[in-house]
Amino acid sequence: MTPVAPADGPPHTSTSFHEMWADLKPIGRDPDSGGYRRYAWTRADQDCRAWFKAQAESRGLTYELDRNGNQWAWQGDPLAGDAVVTGSHLDSVPLGGAFDGPLGVVSSFAALDELRHREVEFAKPLAITNFGDEEGARFGLACVGSRLAAGQLTAAKAHELRDADGVSLPRAMEAAGYDPSAIGPDPERLARIGAFVELHVEQGRALDVTGDPVGIASAIWPHGRWRFDFHGEANHAGTTRLDDRRDPMLTYAETVVAARREARLAGALATFAKVSVEPNGVNAIPSLVRGWLDSRAADQDTLDRVIAGIEQAARENAARSGIDLRITRESFTPVVEFEHALRDELAKLLREEHGDIPVLGTGAGHDAGILSASVPTAMLFVRNPTGISHSPAEYAAEDDCVAGVIALADVLEGLACT
Ligand code: HGY
Ligand code: MN
Ligand code: MN
């Protein structure tokens, strides 16, 4: 849903935002649902990357592609150090919304346009980034680009990542024209960052409830992804007695119900949203059912308790049903508490123009969360009136998007300019 140009807001800012938004909108968009398929190293991802490079070059910024395929657009000397960096990601979940990721990248370029319009003097280098493969939709691991850069994913482990067709991450990068031979930690690059600020559409309704267009992040819940492999016995659906079956679909179904029960008891979140069945025939009892669990909680102890409860229920049912169960943790991000000094600096920089900005936690993972272990990071959220995300229905009003750009520009001016 493309926001219409707003009645208010600085005309140059909303025009710049609107033009970039319209440019990006058709890339990877599914015409039936309006959702996006922008998976790492696919054609759509390439087209998003080409868009990023064109935006950087059209502004005379120094464009860089780092060893892990993350894109950087620099105003000032990339080697000077103490840089203020802003940006987000351009990839999506399957049939994801238009705002999750792209809002942060488009707003970063629009905020730079706004700073140039204000004719500010930059005292530090400023960079805009597109971190690759944040959603992990193709290879299953979230935040691959920022994890590699931060040394939270080794090159060896990255080489083991496979998509559903068995294509490895390095082969996918090569097929997209990128050299994967140098993927791995990039401490020198991160050492040149003084602060990273990511603007992101809110994935919840907290700002809609408070009536604020913009918020500041306090923390990210610990969260992870676990793959449950339920191995049973293939057989004929029309001739095999119920007592003679070893049907993995039943144990999978019991585990899905157990996940909801454990999450509700603990006040946490647990979701089975992806499943694969072999051989996936309507009249063939499956030999294997694979289910992927996404679970999140406000603290690590609660998350551990939920996972333990789900695992126990799955193993007990598997034992009763003659199912062989294997559980693999595929992705995990510990709790992130954004640095208080930078968080409070953002609140101070925004107070004069925008009043007291709400500070709110989130269950959604972000590159800023990964980078927070290496550099001072902060996040700005833009109001999402329905809170819906990871869906074609994801939306933010353009007035709020422009308010986000102005807030980001105010923050970047306070952090990077005299
Ligand atoms: O799953 C998440 O929280 C994020 O969208 N990668
Ligand atoms: Mn997302
Ligand atoms: Mn995101």
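Things worth noting here:
- Full extension of the segment from His12 to Glu64, taken as 0.36 nm per residue of separation minus the current Cα-Cα distance, would add 16.0 nm.
- Ser276/Val120 FRET efficiency (R0 60 Å; Cβ-Cβ; nearest 0.05): 0.70
- Reach of Lys25 by Cα under 17 Å, taken over aspartates and glutamates that are not fewer than 8 positions away in the same chain: Asp45, Asp47, Asp91, Asp100, Glu394, Glu398
- Average 1/r across all pairs of distinct alpha carbons in segment 155-206, invert it, and you get the Kirkwood radius: 14.1 Å.
- The alpha carbons of segment 256-414 stretch over 65, 33, 28 Å along the principal axes, in descending order.
- Average projected area [Cα convex hull, segment 319-406], square nanometres: 9.5
- Between Val257 and Ile388, the modelled label-to-label distance comes to 2.9 nm, taking each label 7 Å out from Cα in the direction of the beta carbon.
- Approximate spin-label separation Gln312-His236, in nm, with each point projected 7 Å along Cα-to-Cβ: 4.2
- Value at 222 nm in deg cm²/dmol, rounded to 500, when DSSP H runs of n ≥ 4 in the chain each add -39,500 (n - 2.57): -11500 deg cm²/dmol
- Lysines with Cα under 27 Å of Lys157, excluding same-chain neighbours fewer than 8 positions away: Lys274
- Using C-alpha pairs below 8 Å separated by at least 6 residues, the relative contact order for the chain is 23 percent.
- When segment 223-333 is reduced to its Cα atoms, the Kirkwood hydrodynamic radius in Å: 14.2
- Extending 7 Å from the Cα toward the beta-carbon at both Ala54 and Glu330 defines two label points whose distance is 3.3 nm.
- Only one residue of Leu350, Ser58, Gly87 has its Cα farthest out toward the positive end of the dipole of the chain, where Lys and Arg carry +1 and Asp and Glu -1 on Cβ, and that residue is Gly87.
- Placing unit charges on the Cβ atoms of the charged side chains and taking the dipole of segment 223-333 about its Cα centre, the candidate lying farthest along the positive direction among Ile327, Trp292, Phe228 is Trp292.
- The angle between the Cα long axis of helix 11-24 and the main principal axis of the chain comes to about 30°, on a 0 to 90 degree scale.
- Rolling a 1.4 Å probe across the protein heavy atoms gives segment 223-333 an accessible surface of 54 Å² per residue.
- Evaluated at q = 0.07, 0.12, 0.15 Å⁻¹, a Debye calculation over the C-alpha positions of the chain (equal weights, vacuum) places log10 I(q)/I(0) at -0.35, -0.96, -1.42.
- Set of lysines with alpha-carbon distance to Lys124 below 26 Å, sequence-local pairs under 8 removed: Lys53, Lys348
- Shown for the chain: the carbon plus sulfur share of the solvent-accessible area, taken with all protein chains present and a 1.4 angstrom probe, equals 51%.
- Degrees, to the nearest 10: 300-321 long Cα axis against longest axis of the chain: 20
- For segment 383-416 versus segment 244-272, the gap between their alpha-carbon centres in whole angstrom: 36
- With all pairs of separate Cα atoms included, segment 129-242 yields a Kirkwood hydrodynamic radius of 18.0 Å.
- Range in the chain, longest, excluding exposed GluC sites (Glu not before Pro) [loop by DSSP; at most 12 other beta-carbon atoms within 10 Å]: 122-418
The values are calculated or read from the model by the stated rules, or taken from the named source; none is laboratory data. None of the values given here were measured: they were computed from a predicted structure. Virtual Cβ from ideal backbone geometry, glycine too; neighbours counted across all protein chains shown. Heads up: the accessible areas ignore ligands, DNA and RNA and are worked out on the full protein's heavy atoms, side chains in. Shrake-Rupley method; radii C 1.70, N 1.55, O 1.52, S 1.80 Å.
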